[in-house]
Structure formats: structure tokens, C-alpha cells
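Engineer: One structure coming up, written as C-alpha cells, with questions to follow.
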Number of protein chains: 2
Amino acid sequence: MDKILRINMGGPGGPEIKTEPLGDYAGLGGRAMTSAIVAKEVPPTCHPLSAANKLVIAPGMLSGTTAAMSGRISVGCKSPLTGGIKESNSGGQPSQMLARLGYAAIVIEGKPEADKLYKIIINKDGVKIEPADDLKMLGNYDTVAKMSQLYGNKVGCISIGPAGEMKLGAASIAFSDMEQRPTRHAGRGGVGAVMGSKGVKVIVVDDAGCSARQPKDPDKFRDANKAFVAGLRNHAVTGQGLPAYGTNVLTNVINEAGGYPTNNFSRGQFEGAAKISGEAQAELENSRGGEGSATHGCHRGCVIRCSGTFYDKNGNYLTKQPEYETVWAHGGNCGIDDLDAIAMLDRMDDDFGLDTIEMGATIAVAMEAGLAEFGDAEAAINLVKEVGKGTALGKILGSGAAVTGKVFGVERVPVVKGQSMPAYDPRAVQGIGVTYATTTMGADHTAGYAVATNILGVGGSVDPLKPEGQVELSRNLQIATAAIDSTGMCLFIAFAILDQAETFQALLDLISAFNGQELTADDVTNLGKSVLKREREFNAAAGFTNKDDRLPDYFKQEPLAPHNVTFAVSDEDLDNVFNF
Amino acid sequence: MDKILRINMGGPGGPEIKTEPLGDYAGLGGRAMTSAIVAKEVPPTCHPLSAANKLVIAPGMLSGTTAAMSGRISVGCKSPLTGGIKESNSGGQPSQMLARLGYAAIVIEGKPEADKLYKIIINKDGVKIEPADDLKMLGNYDTVAKMSQLYGNKVGCISIGPAGEMKLGAASIAFSDMEQRPTRHAGRGGVGAVMGSKGVKVIVVDDAGCSARQPKDPDKFRDANKAFVAGLRNHAVTGQGLPAYGTNVLTNVINEAGGYPTNNFSRGQFEGAAKISGEAQAELENSRGGEGSATHGCHRGCVIRCSGTFYDKNGNYLTKQPEYETVWAHGGNCGIDDLDAIAMLDRMDDDFGLDTIEMGATIAVAMEAGLAEFGDAEAAINLVKEVGKGTALGKILGSGAAVTGKVFGVERVPVVKGQSMPAYDPRAVQGIGVTYATTTMGADHTAGYAVATNILGVGGSVDPLKPEGQVELSRNLQIATAAIDSTGMCLFIAFAILDQAETFQALLDLISAFNGQELTADDVTNLGKSVLKREREFNAAAGFTNKDDRLPDYFKQEPLAPHNVTFAVSDEDLDNVFNF
């Protein structure tokens, strides 16, 4: 990882490829890398679809090594959805592959002539860019299948579906998984629209002939990795809950806590929760044979293996095991309790290249607008089909919940900075409300997962229904998360490292051994702080103020059943989150 | 004008009517009144369609008197289009009528149950509110016709069409004219959507039995009015240009100056300009008989009479004489050179209740997105028809240019603060660019009409193609305009009072004689400044920063033919506009 691949899609004679040394960006990875490049190189007030925006794809610091859990990748740009800086994080194979090929980042800049579409092929011999008009408006599944035919069944793909080509605000970027399926997504913030605006349909990554990145201190690295893996296996969440039921283990937990947003955030418990819970999902998947549930990592090197495979009624592959947030977004938030319908929606989102959270939130807003009844799964499927077809209605929905609310005159639209809230109601989980409100990313649970401490009892305990302690909790988690998102580690390691000091030490040792330094906890905190500060500065320069660090008024006014609570963290307290 | 009518549409038992003394708002009128009430009573971060927003309708300070030109009315609220404070100004009959009935403002607050629609009837005996479900989704023409049948052919109507009921961002509020037609509109900023969110279809105003408001010093008032009228008749613009050709006299002027935005602001001259100019329009209208062009005021008491009537090919009434901005928006900006098509679009906008500027700008963005060819008048008509039908496509377009650009992934969208630019390219008329960028209203020519000095040689002369002097010009005009918009006077008086000291003195004398004070020029300036400061404070509290006081980047990057200029006023200079 000693070079940056820089591609100018707007060169006078077509795309121009450059490979550069790391320069100022040396030592950075993942979110630290993407946010540094975006903050330094993208004009904060530019149009997100303009030539001035840049799409940055960066493996984490430890990606490409043999460290467990290190295969996450960051995508950065100015977001078409929020208008602010964006880091969207994904699993899949390309992170490890790009890292092994030596690329610390791909920076795609400029803009080709309208309607030109390209593919980029990266292997140990270099980089090629070729016209790809034959891929126009293909779904991610067909796109990856074509790449597999052309380049072999070992390559990794980074691709967009029709949503990205249409430059929709909910468009994702797909990263292919171990089965070469486009099931892992940098979903949030419309990063797929930026890739679409650059005219890039797919990046094919082939690391044949490359080997794992070598640590400076191999023995220490190996020992640290062992301790790290042992720690993950030891913790109840990463060792038992997630492997057994996947992320969807949360449905019953959050629903019982009264924080499960139902029917467009109108109450905190869903009567159909048990039917779409992780337990029900596992039972259903097991009954259909195949691999069953929860046996699967999203990338090589994963030891938590919270993913799985969803087969349809006939035992045919339909999609990966839908994640908790997807099951909620297309399920409870729309009043839908049918796992097959939810899995179909997950498949369509993955194929069209759409963020499942944004799409579920959007369908619920459309239901509130009267376009369909809550609970009508067939109507929900038909609405998402419209997006794939690119109809006017589809383009509204594909632009996300904020635009859909505007077009249909809906007042109750659960967004912050234009991005939909995920699967935790901020009234019943006030810590996550602080994160939604204040993160640089727009409403985002992964930016500071206060649910862990508010509900799951991880990293201490803070009453989820009260404002006290939430700011400090969210602040510390946001700092830690910004650091973890820079390592290439899966965020789920946080459960173990928050509760087990020796597992956190093992992570420090892993990084230290790889780089031949002595990393301290303070170094990690400082890294997280520096990433957040840079992102905040970009957003301020783009025009964001503390007025953007707020939940919509109705969360402060409408009590949420069953606890009948409103969001009670004061504006003054929210303004203190970034006082560090 | 000694009372405020306050209607809470969200009362537990239905709408509640209250009449209040003026209190803190005594002495205010028009924009000073609407902005004072909105700034004091509306939470700046509220959702514009929520119960917390208020719709304020206020006649000007001199409305209801016998002063010439005093029949303008202001509509204020938090704008659904810009998210900031809004004052949208209209002609028509209701201003004089409300003033004679004694109402300095109507404040509509709260929100009824969904799908409830009401009409409000105001006469000398008081105020009634009645269900009006029979008017649902009627156009403004049919709505006013029904009110005429019910309440007589002398009443004034303030109404919304289907666009307002659908709560679209481009929805206007119509004010009926002397012929009881809904042709004058508070067009900008989506004020019709706020009226729609309050469940108010139409306000019927009947001033039968009321007489003109009496000045404190009748002799001085009469003399001042005479001098004022003489001054208006003496000035070339208000005495000749506007009466002869209406506002559309500007088409040839602005086109020759190279500042006529053509095909979605892609060049500054339109090859078909002569065919849609005021001169061509007058000839066409005269050839069709009837009243011909330019014989008409938009309200009783107008002596400029820049309006007229447009008859179709068969000699039947189609619409009022389309204004310059409308002819541009639906004409040159869409490459359309057919006056009959433009008049049809004007009629449809008036009937559906849509801002013609926003709609023309939106259709041009849709054309840039490939939904139709530039110049295709039939396609433009069909697109606006979609809005009236309330299809998904129609709702996108009716939400305005910014949303349309987002949904269709268009980068070149000529908006500031979410509101479309009017009919002057800010590259070739840099003073109006300063106004577009910095006014509290979103891109708006009427907020500080620097075109007067940049192009028309009124109020001095400042080179339109250079940045020098534009900030001071725009600042002074914005201050003066805020004051004029508070008097109830038509903004066109500015041409005469800028150039003729004695006409400005006559205006001061008119107000002084009415109130029994001695008003000075400084008082007027201070009034304007206080209005602007209050509006700026509201916008800042709503989250606006100097980053919102900018034109889209492409105006600084793409040179405009034929002068090949870019917008060159620096950000630092823009930040100085409100240094007073």
C-alpha cells in the first residue's frame, strides 16, 4: 500500500491514469484516507455530481494483511444525499485485493462526456480503462457475472447498478463477496451516484500473483492476531449472538426495548417483529437447506461470520442473509412481516444498487404519503421495481426519503442532513439520537453506535430513555469509530474491545506489530479525533451549522409508544458533542 | 387597519377565529409586517408544512387609501422552497379590500386534520370559516368563478389551485384582479403549499360598505398623490415603456444586452427573442381585438397600467398579458418562441396555482435532463399538464428546479437557496447576481433590481459585466426595496423615485400626510434595513450561512456568450452586502 491510483475521467483524450506516491497521505487508511483526500482536494461548495467532486476508495490500514476482520473498505466523496463529506463503509473482497496490489487509495476525478460508460481493470500488471457501453443499465448481478466471464471467477468487483447510472441519491456502490456476488455495499450517502457521474460502471480487481502484506514484526503480529481472535470468540455478541443469528438478532432485542421504529417512526414496537426476527430468519433459512444461516463472513479473514445466505421457497439462491437494518427498513418500518418479501427487496436493492436503509425509510414515507398501505409487501416490491425501471416515480423514490417527502408534501420525514435514520428510534435510544444528530455523515448508526451501551449493556450502561450521559457516550463512540473505520477492521470488533481490555490491547499490538511502532490508546483516540475534526471542517465550509445537528422537530414533540418519550437531549448539549 | 385576524386551523373543535389589536406590530405593513410576524412567531427550524409555520397575509401601509399604486400585498411564512423566511408580493384586488376592512394582517396558524379543506369569508360583519370539500383540486379559475356565484361579482379572492393542495414547492397563491380572475400571484417560494398545508382553499374578501382609509392630513395627501402620479407619468419607464408594452418591453432590451438566459442559462441571447418581445406581443394582442395590450392595472389605483389581456386565436380570453419573466421562463429559457404557447403555459400556471418563474426554470432543467427538446412548446405544455394532473412526474416538476435537478441528476441547476433564478443572467448583469446570491429570499430579481442601473440606466450607471460597484448597488436597492415592499406600493415606482428626487419626496409626503408624521429619507432607509436584518436573523437561526449566499459554481466557471463573461464578484464582496 505504497501508492495512490489517480484516474481523471475528464481528460481531453479520454480517461487518464496516474500512479502516485502517498505523499501527505502516507500512513492513512480507510476513513482517515478518504476523508483526508476529500477534505484537501474537493471544494466544499461544489455540486456533488460535478467534475470537481472526487470519489475515493481506500482499503483500511490493515487490509491485505492476515489480520482477522481487516477487509473493510471506505468510500469517500462529497455526498449527493447530504451535501457534506461522506465515508461509506463496506465489506466484500476488493479491500484485501486492492491492498495486496499495493493501492492505498483509488481517486476518481473529473467527468467524462455525458453517457460515456467505462470499466476499470486493475491487476498486478497495471491499470486499464475500457468503454463499457454494453453494461449500460445492467443490474449489479449481471454486471458481476459478465466480469466473471471475462476476467475469471477470482476477481473482485466494485460496481454500480442502474441507480448509480441514474445518479440517484440512494445509489450505492456494490463490492462483491467471496461467492463473487454483489451483496456488500457502501450504501449510504449516494456514493453510487458519484461513481455514476464519473461514468464508471465497474472496477475489476484481480490480485492474482500478489501475497499478503507483511508485518514489520511477524511474531508479535501473529500472537496479537491470535489474542484478538480469541477475544472476539469470547465475547457474547461477537462469539455467539452475531454468528448464530446474524445482525438480525437485534430485532427482538430492539423491539422489546421499545425502540424499533414502526410504520415510519410512528411507534416503537412492531406486532410482527417475531415473524421477521433473527431467530425466525434462522429457522426459515435452515428449513430451506443450503448453507443455512450465519455461517458466512462478508470477506475473507472474517471470524465473526454474521452473514449467511437466503434461499427462496424453491431452495434457489435469492440474496445474502438480509441484515438487521434491511429487515427493519423494508420490514417493521413499513409494517411488513414477511421475510420472503423482505429478502426480495434486499435482492432488488443489491441488484439496482440502492441503500437498503434509505430505500426502506423512503417506502415508509411514500406509505405515509398514501402511495401504499403500511404492511402491503407487494406494493413495496412494486415501488422498488419503479426505481429499477427508472420511471418518474422510481426516480423520486431512488432520490431518498428527504426528496420523497418534499415531492409528496410529507412532514414526518426521519432524516438528518438529508439522510434517513436507521433502525433505532432516537426517542427510545437517546444516545443513538445524539449520533444521528451530530455525526458528520447524516443520520447514521454506525458513526457512534450508542445502542451498544444504551440497550446491549456493552461498554457500560446508560439509560436509553433519558438525556443524561448520552452526549459523552456518543462523543466517545464517534471518536473510536472514526479510528476503527480507518483500520479496515469490521466495526463489530467494537463490542469485544469495549468490554475486554485485553482485546483492545491485541488490536493495538496488531497495528503496532504491522508498522513496527508502539501504538497507544491515546494514539487511536487522537486518530479518531483528527478524522472527525477534518470532516467537521469540510461540512462547515460546505455551509453546515449547528442547525444541521438537530433531529426533525417531531421527535421532540411526538411521544413514542410504548415508553411515551420524546427526544430530550438539549440543543446546547448537542452542540457540545464536538468539544474536544 | 387597526387589527390582526388570527385563525388557528388546528383548534380541537375546528378552526378558531380571533381578532387582535396590533400590539407590537402597530405601524407595520406589507413585508415589514409579514417578516416581523414570521420572525417573532415561527420557529426557524420548523418544517415549513408543520403546524408551527404561519401564513401571514398583509396589505401595505398605504393599501386601502386613495394613494396611487398602493394595492400590493405581502405573503409571508417559512418557505417550503428555500427553508428560509419568505415574503412573496402580489397585485390584485384583495390588498385594498382587506385594508378597507381594517385588517393589517391575516395570520393563519396550526393545521387541521389531513384532507380537510376550508374557505374563509371576510366582510364588514366579520369572519366565517366553512368546509370547502366541494372545491377540492379545482383550478383557481373555477374556484374564483364559484365564489363569484356565491358571494357576488365584487368580491376579491385569495386562493390556491391543485399545486397548493398538493403542497408543491412551486405552488403560488392567487389574488383575483379587477375582472375577478385569478391572474395575480404571490408566486415565489411555495407560499401556496403553506396555505395548502393549513387546509385553506380560498379566502373571499368582500369590502362592500367600507370606504377608503382616511389620511390625517387630507390636503397634503391629495397634493402629494398628484405630484406622485405626475412623477410616474413623467418617467420614461413608468410613463411610456411599461404602459405601452408591459413588462415584456424588456425582452429585446435584455437580449441585446446579452443577459437573456437561453436554454437553461447556457447562453445570453435567444435567436427567437424578437418573436416573443413586448413589441411582438402588443402587435399580436392588438390584432386579436379586445382590449389589446397594456391598458390595464393589476389593481384599482394603478396608474402605470403595465398589464393587459391575452386573447387566443379565436378572440377568446386566455390569460392576462404574460409578464416579461413568464415570457422568458416559458419562452427563451426553454428555447420556445411561440407566444400562444407561452400564454397557454401562463394560463395553466395561474389555474394550477404555480409560480411561472419556477416552472419555466424547472421545465428548462427537465429539458437539460432529456425529458424534452429545447424549443418543443408542445412538450412543455404537456409537462405542465402533468403537474395539474398530480402525476409523479408532475409532482417532481411542481416541486421546482432544485428538486427536479436532484431527481434527474442534473448539475446545471440555476438556483440560490433552492429558488430558481429569474430572467437575467447574473454573468452579464452582475449586479443582479449579487442580489440573487445574497437576498434573504433565494434567487429573486425583485429583491434588489440592479438591472435598473446595470442595463436600463436608471439610478445611475454601473457596468453590468464587471464586479466593481455591484455590491453597493445591490445593497442600496435591497434596502430600498424592503421599504417599498412594506408600503403596499408597486415596486415599479422605484424607476421614478430613483431618478426623480421630487417623486421620492412625493412618496415621503404621501406616507407622512397619511400618518400625520414627518417621514424622512433616513426613516425609509432605516425601515428597509430593519426588515432585512430581521429576515437575515431568521435565516441564520434556520441554519443559513454565507455559503448559502453564493451562486452555483458553474456561473463562476462557464463563460456566457456573447460577452464570454463569468460571474466575478468575489465571495468576500458578497459577504459585505449586509454590512450596514
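Engineer: To make sure I understand, if each residue's beta carbon is the centre and we count other beta carbons within 10 Å, what order do A:Tyr118, B:Tyr436 fall in, fewest to most? Intermediate values should be presented prior to the final figure.
Structural biologist: Numbers: A:Tyr118 22, B:Tyr436 33.
The order, fewest Cβ neighbours first, is A:Tyr118, B:Tyr436.
Engineer: Ok, one more. Distance in nm between label sites at B:Asp463 and B:Glu572, each 7 Å beyond Cα in the beta-carbon direction?
Structural biologist: Here the answer is 2.0 nm between the modelled labels.
Engineer: Turning to a different aspect of this structure: Which of the trypsin sites (Lys or Arg not before Pro) found in the range A:90-134 are loop residues per DSSP with 16 or fewer other Cβ atoms within 10 Å of their Cβ?
Structural biologist: Working: sites: A:Arg100, A:Lys116, A:Lys119, A:Lys124, A:Lys128; in loops: A:Lys116, A:Lys124.
Taking the range A:90-134 and a limit of 16 other Cβ atoms within 10 Å, the loop trypsin sites (Lys or Arg not before Pro) found are A:Lys116, A:Lys124.
Engineer: In the range B:280-339, which trypsin sites (Lys or Arg not before Pro) fall in coil by DSSP and have 12 or fewer other Cβ atoms within 10 Å?
Structural biologist: Working: sites: B:Arg288, B:Arg300, B:Arg305, B:Lys313, B:Lys320; in loops: B:Arg288, B:Arg300, B:Arg305, B:Lys313.
Of the trypsin sites (Lys or Arg not before Pro), the ones in loops of the range B:280-339 whose Cβ has at most 12 other Cβ atoms within 10 Å are B:Lys313.
Engineer: So what J values fall out for the range B:104-119 if you push phi through Karplus, 6.51 cos²θ - 1.76 cosθ + 1.60 with θ = phi - 60°, rounded to Hz, Gly and Pro as x?
Structural biologist: Per-residue couplings from phi come out as 7, 6, 10, 10, 9, 10, x, 7, x, 4, 4, 6, 8, 10, 10, 10 Hz.
Engineer: Give the order of B:Lys167, B:Lys40 when sorted by the count of other beta carbons within 10 angstrom, beginning with the fewest.
Structural biologist: Values: B:Lys167 27, B:Lys40 12.
Lowest to highest Cβ neighbour count: B:Lys40, B:Lys167.
Engineer: Moving on to the next point. With N residues in the range B:371-429, what two-decimal value do you get for its Cα radius of gyration over 2.2 N^0.38 Å?
Structural biologist: Values: Rg = 12.6 Å, N = 59, 2.2 N^0.38 = 10.4 Å.
That works out to 1.22 for the range B:371-429.
Engineer: Rounded if a/c is under 1.5, else prolate if a/b is larger than b/c, else oblate: which is the range A:117-263, with a ≥ b ≥ c the root eigenvalues of its Cα gyration tensor?
Structural biologist: Working: a/c = 2.62, a/b = 1.24, b/c = 2.12.
Oblate shape, in that a/c is at least 1.5 and b/c is the bigger or equal ratio.
Engineer: When each copy gets a label point 7 Å from Cα toward the beta-carbon at B:Lys385, what are the spacings between them in nm, shortest first?
Structural biologist: 2.7
Engineer: Based on alpha-carbon positions alone, could you give the equivalent ellipsoid semi-axes of the range A:260-424 from the gyration tensor, as √(5λ), descending, whole Å?
Structural biologist: Values: eigenvalues 144, 52, 44 Å².
Semi-axes from the Cα gyration tensor: 27, 16, 15 Å.
Engineer: So for the pair A:Asn546, B:Arg300, with labels modelled 7 Å out along Cα→Cβ, what separation do we get in nm?
Structural biologist: According to this spin-label approximation, the distance is 5.3 nm.
Engineer: With the Cα gyration tensor of chain B giving a ≥ b ≥ c as the square roots of its eigenvalues, does the rule (a/c under 1.5 for rounded; else a/b larger than b/c for prolate; else oblate) give rounded, prolate or oblate? Please report the intermediate quantities before stating the final value.
Structural biologist: Details: a/c = 1.28, a/b = 1.13, b/c = 1.13.
Cα axes put chain B in the rounded bin.
Engineer: Of A:His563, B:Gly433, A:Ile479, whose Cα points farthest to the positive end of the dipole of the protein assembly as shown (charges on the beta-carbon: +1 Lys, Arg; -1 Asp, Glu; origin at the Cα centre)?
Structural biologist: The Cα lying farthest towards the positive end belongs to A:Ile479.
Engineer: Towards the positive end of the charge dipole of the protein assembly as shown, with charges on Cβ (+1 Lys, Arg; -1 Asp, Glu), say which of B:Ala541, B:Tyr260, A:Phe374 has the farthest Cα.
Structural biologist: Most positive-ward Cα: B:Ala541.
Engineer: Also, I was wondering about something else. Quick check: pseudo-label points 7 Å beyond the Cα along Cα→Cβ at B:Asp134 and B:Asn564, how many nm apart are they?
Structural biologist: Label at B:Asp134, label at B:Asn564, 6.6 nm between them.
Engineer: Apply the Karplus curve 6.51 cos²θ - 1.76 cosθ + 1.60, θ = phi - 60°, to the phi angles in the range A:74-82 and return the couplings in whole Hz, x for Gly and Pro.
Structural biologist: Once θ is set to phi - 60°, the couplings for the range A:74-82 become 10, 10, x, 4, 7, 7, x, 7, 9 Hz.
Engineer: Something else: Evaluate the charge dipole of the range A:207-340 about its Cα centre and quote only its size in Debye, nearest 20, assuming +1 on the Cβ of each Lys and Arg and -1 on the Cβ of each Asp and Glu.
Structural biologist: Details: 13 positive and 16 negative charges, 127 e Å.
Charge dipole of the range A:207-340: 600 debye, to the nearest 20.
Engineer: With unit charges on the beta carbons (Lys and Arg positive, Asp and Glu negative) and the dipole taken about the Cα centre of the range B:3-205, which residue among B:Met137, B:Tyr118, B:Val204 sits farthest to the positive side?
Structural biologist: B:Val204
Engineer: By the scheme Lys and Arg +1, Asp and Glu -1, what is the net charge of all other residues having a beta-carbon under 11 Å from that of B:Leu135? Write down the numbers at each step before the final one.
Structural biologist: Working: positive: B:Lys119, B:Lys136, B:Lys146, B:Lys201; negative: B:Glu130, B:Asp133, B:Asp134, B:Asp142, B:Glu165.
Computed value for this residue: -1.
Engineer: Kindly give the distances from B:Lys226 to its copy-mates, label point to label point, with each label point 7 Å from Cα along Cα→Cβ, as nm values to one decimal ordered shortest first.
Structural biologist: Spelled out, the distances from B:Lys226's label point are 10.9 nm.
Engineer: Please report B:Val194, B:Val127 as a ranked list, fewest other C-beta atoms within 10 angstrom at the top and most at the bottom. Please list the in-between numbers first.
Structural biologist: Values: B:Val194 30, B:Val127 18.
If I rank by nearby Cβ atoms, fewest first, I get B:Val127, B:Val194.
Engineer: For the rotation that brings chain A onto chain B, whose beta-carbon in chain A is nearest the axis, and what is that distance in whole angstrom?
Structural biologist: Reported as residue, whole Å: A:Ala392, 2.
Engineer: Enumerate the amide H contacts of B:Ile336 below 5 Å, restricted to partners 5 or more residues apart or on another chain; note that Pro and chain-start residues carry no placed amide H.
Structural biologist: Amide H neighbours of B:Ile336: B:Gly375.
Engineer: Can you give the calculated 222 nm mean residue ellipticity of the protein assembly as shown, where each DSSP H run of n ≥ 4 adds -39,500 (n - 2.57) and the sum is split over every residue, rounded to the nearest 500 deg cm²/dmol?
Structural biologist: Estimated from H runs of four or more residues: -11000 deg cm²/dmol.
Engineer: Ordered by residue, what ³J(HN,Hα) values in Hz, to whole numbers, does the range B:478-489 give under the Karplus form 6.51 cos²θ - 1.76 cosθ + 1.60, where θ = phi - 60° and Gly and Pro are x?
Structural biologist: With the stated coefficients, the range B:478-489 comes to 4, 5, 4, 5, 4, 6, 4, 5, 8, 7, x, 6 Hz.
Every read-out reported here was derived from the displayed coordinates using simple, explicitly stated rules and does not represent laboratory data. Small disclaimer: the values here were computed from a predicted structure and weren't measured. Ideal geometry is used to build each Cβ from the backbone, glycine not excepted, and the neighbour counts take in all protein chains shown.
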